[in-house]
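Colleague: Quick one: the structure is below, and I'll ask about it shortly.
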Amino acid sequence: MTLEEVVGTNSTEQKMETVSQAVEELLVAAQRQDCLTVGVYESAKLMNVDPDSVVLCLLATDEEDEDDIALQIHFTLLQAFCCDNDINIVRVSGVRRLSQLLGEDTGDSNGNEPRDLHCILVTNPPVQPLQCQALQHVSSFCEQSRCSNQWVPCLELRDG
């Protein structure tokens with residue numbers, strides 16, 4: 001491996017780490033401002049009704065989800081819809097980290113199922129827009145990825 005390859009690899013890893021941190025910051029900020037839609041079905045409903053309010057679509061999977069054909073079909077449809085409507089998409093691994101960030105449990109005391117964290121939309125309401133440096137950072141990352149023909153960039157969220 002050449003010096004350039006080593007330096008390039010480290011800077012790419014650092015860039016991915018800062019983008020992952022920006023995604024985490026964005027999710028926390030958006031949740032505080034009630035700008036998150038969580039769940040595959042709920043996300044599809046919102047995008048059908050008001051796609052212009054959606055600024056980011058996160059598709060989350062872990063290794064055990066890779067063989068879930070129904071989930072992969074949903075993801076394919078969501079990705080196509082996002083591409084058609086110029087909505088930024090990021091695929092992340094680390095559903096457990098998402099659960100930690102959003103304060104989700106494995107279920108509540110009433111025995112209800114936890115929310116489906118496989119698809120999370122960040123919305124930007126026109127009345128009180130989400131002003132967040134993290135949103136700009138993630139949007140810039142998505143744009144750079146598209147310029148290099150990577151339409152659905154992938155990030156890893158690490159347990160914190």
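The values are calculated or read from the model by the stated rules, or taken from the named source; none is laboratory data. Keep in mind the model is a prediction, meaning the values are calculated, not measured. As a convention, Cβ positions derive from the backbone with ideal geometry for all residues, glycine included, and neighbour counts pool all protein chains shown. Note: accessible area is taken over every heavy atom of the protein model, side chains too, but ligands, DNA and RNA are not part of it. Shrake-Rupley method; radii C 1.70, N 1.55, O 1.52, S 1.80 Å.
Colleague: Which residues in the stretch 74-98 have a backbone N closer than 11 Å to a point placed 7 Å from the Cα of residue 159 along the Cα-to-Cβ line?
Modeller: Correct set: 96-97.
Colleague: Still on this structure: Which order, highest average first, do 138-147, 18-27 follow once you tally other Cβ atoms within 10 Å for each residue and take the mean per peptide? Before the final figure, lay out the partial values.
Modeller: Working: 138-147: 16.2, 18-27: 20.4.
In decreasing order of mean packing, 138-147, 18-27 become 18-27, 138-147.
Colleague: Using modelled amide H (1.01 Å from N, peptide plane; none on Pro or chain starts), what sits under 5 Å from the amide H of residue 56, excluding residues fewer than 5 places away?
Modeller: Close amide H contacts, sequence-distant or interchain: 122.
Colleague: What does the accessible area of residue 69 come to, in Å² to the nearest 10, when a probe of 1.4 Å is used?
Modeller: The value for residue 69 is about 110 Å².
Colleague: When a/c reaches 1.5 or more, the comparison of a/b and b/c decides; with that in mind, is the stretch 52-105 rounded, prolate or oblate per its Cα gyration tensor?
Modeller: Verdict is oblate for the stretch 52-105.
Colleague: Which order do the peptides 49-56, 94-101, 80-87 take when ranked by the mean count of other beta-carbon atoms within 10 Å per residue, highest first?
Modeller: Ranked by mean Cβ neighbours within 10 Å, highest first: 94-101, 49-56, 80-87.
Colleague: Mind listing the phi-derived Karplus ³J(HN,Hα) values for the stretch 24-41, rounded to whole Hz, using 6.51, -1.76 and 1.60 with θ = phi - 60°, and x for any glycine or proline?
Modeller: So the J values, rounded to whole Hz, are 4, 4, 4, 4, 5, 5, 5, 5, 4, 9, 6, 10, 10, 10, 10, x, 4, 5.
Colleague: Sticking with this structure for a sec: Roughly how many nanometres apart are two label points built 7 Å out from the Cα toward the Cβ at residue 64 and residue 16?
Modeller: So the two model labels end up 2.4 nm from each other.
Colleague: Compute the length gained on full extension between residue 143 and residue 83: take 0.36 nm times their separation in residues and subtract their Cα-Cα distance, giving the result in nm to one decimal.
Modeller: Details: separation 60, 0.36 × 60 = 21.60 nm, distance 1.20 nm.
Net length gain for the segment: 20.4 nm.
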